[in-house]
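Undergrad: Dropping the structure in here first, questions after.
We did not get these values from a lab; they are worked out from the coordinates using the rules stated. Computed from a prediction, not measured in an experiment: that's the story for all the values here. Here the Cβ positions follow ideal geometry from the backbone for every residue, glycine too, while neighbour counts run over all protein chains shown.
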Amino acid sequence: GNSVTQMEGPVTLSEEAFLTINCTYTATGYPSLFWYVQYPGEGLQLLLKATKADDKGSNKGFEATYRKETTSFHLEKGSVQVSDSAVYFCALRSHNNDMRFGAGTRLTVKP
Amino acid sequence: DTAVSQTPKYLVTQMGNDKSIKCEQNLGHDTMYWYKQDSKKFLKIMFSYNNKELIINETVPNRFSPKSPDKAHLNLHINSLELGDSAVYFCASSGDADHGYTFGSGTRLTVV
């Protein structure tokens, strides 16, 4: 079945450091891929998405590229801020509409 | 505001009680979901409804019963609450497969 594996946290970085959170997936067909962010005490918010191979999703300085050949959708940001501290979820959605989430990666950015 | 809204935000109750969580979306989406998030942030799908019909019913105790009076509402009723039911419950809705889900802000349930 479809599944998502993302790097385990927690991840702790200093402000302005480069961020990568790895995500790989297993799916039949051509799913859409997503990154969600959950700030403390809040629900999940869609951060970015990509719906086909080689698409790049981007938002708020974050980027992720849909790599079919490596079945990956790694999240990157060139310079993190304290306000980026949150839990990040990778997810895929197949065309039967079932969304699968990874286990989440907690990011803490220190000043 | 267009959104997914769920109430209450916090719910503290004793073991054995029955409680309900309500969810409403005004996004015009056809599909609604209930997720349970444990203390380690793991998200587990519980139920999915498409236009008032049950689509997904994962392995969830039958003490949990979803009710969808119309496609804009999906409520969750829980009977005979147990300590292990303590978690954050999220409602979500979605349109087609190329789009993500829109989540509510969550209901933190604490069973004492």
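Undergrad: Out of all DSSP beta bridges with both ends in the protein assembly as shown, state the antiparallel percent to the nearest 5.
TA: 90
Undergrad: Would you mind working out the magnitude of the charge dipole of the range A:1-80 relative to its Cα centre, with +1 at each Lys and Arg C-beta and -1 at each Asp and Glu C-beta, to the nearest 20 Debye?
TA: Computed charge dipole of the range A:1-80: roughly 280 debye.
Undergrad: Next question, about the same structure. As an exercise, use a Förster radius of 22 Å and the Cβ-Cβ distance of residue B:17 and residue B:60 to find the FRET efficiency, rounded to the nearest 0.05.
TA: Result of the calculation: an efficiency of 0.75.
Undergrad: Could you run the Karplus curve 6.51 cos²θ - 1.76 cosθ + 1.60 with θ = phi - 60° over the range A:42-48 and give me ³J(HN,Hα) per residue in whole Hz, x for Gly and Pro?
TA: 10, x, 6, 10, 5, 9, 7
Undergrad: Under a straight-distance cross-link criterion of Cα-Cα below 16 Å, which lysines are reachable from residue B:71, leaving out those fewer than 8 residues away in the same chain?
TA: B:22, B:52
Undergrad: In the protein assembly as shown, what is the volume of the convex hull around the alpha carbon atoms, normalised per residue and reported in Å³?
TA: Each residue corresponds to 121 Å³ of Cα convex hull volume.
Undergrad: Another question, if that's okay. Picking from B:14, B:68, B:101, whose Cα lies most toward the positive end of the charge dipole for chain B (charges on Cβ: Lys, Arg +1; Asp, Glu -1)?
TA: Ranked along the dipole, the leading option is B:14.
Undergrad: For B:54, B:74, B:81, what ranking results if the residue with the fewest other Cβ atoms within 10 Å of its Cβ goes first?
TA: So the ranking, lowest neighbour count to highest, is B:54, B:81, B:74.
Undergrad: Lysine pairs in the range A:51-111 8 or more apart or on different chains: how many have alpha carbons under 17 angstrom apart?
TA: 5
Undergrad: Based on the alpha-carbon gyration tensor of the range A:36-111 and its eigenvalue square roots a ≥ b ≥ c, which shape applies: rounded if a/c is under 1.5, prolate if not and a/b is larger than b/c, or oblate?
TA: oblate
Undergrad: Using the 10 angstrom Cβ neighbour count as an exposure proxy, how do B:45, B:78, B:55 rank, fewest first?
TA: B:55, B:45, B:78
Undergrad: A follow-up question, please. Neighbour counts of other C-beta atoms within 10 Å: give me A:37, B:112 arranged from fewest to most.
TA: Ranked by crowding around the Cβ, least crowded first: B:112, A:37.
Undergrad: Can you classify the range A:65-108 as rounded, prolate or oblate using the Cα gyration tensor, where a ≥ b ≥ c are the square roots of its eigenvalues, rounded means a/c under 1.5, and otherwise it's prolate if a/b beats b/c and oblate if not?
TA: Note, shape of the range A:65-108 comes out oblate.
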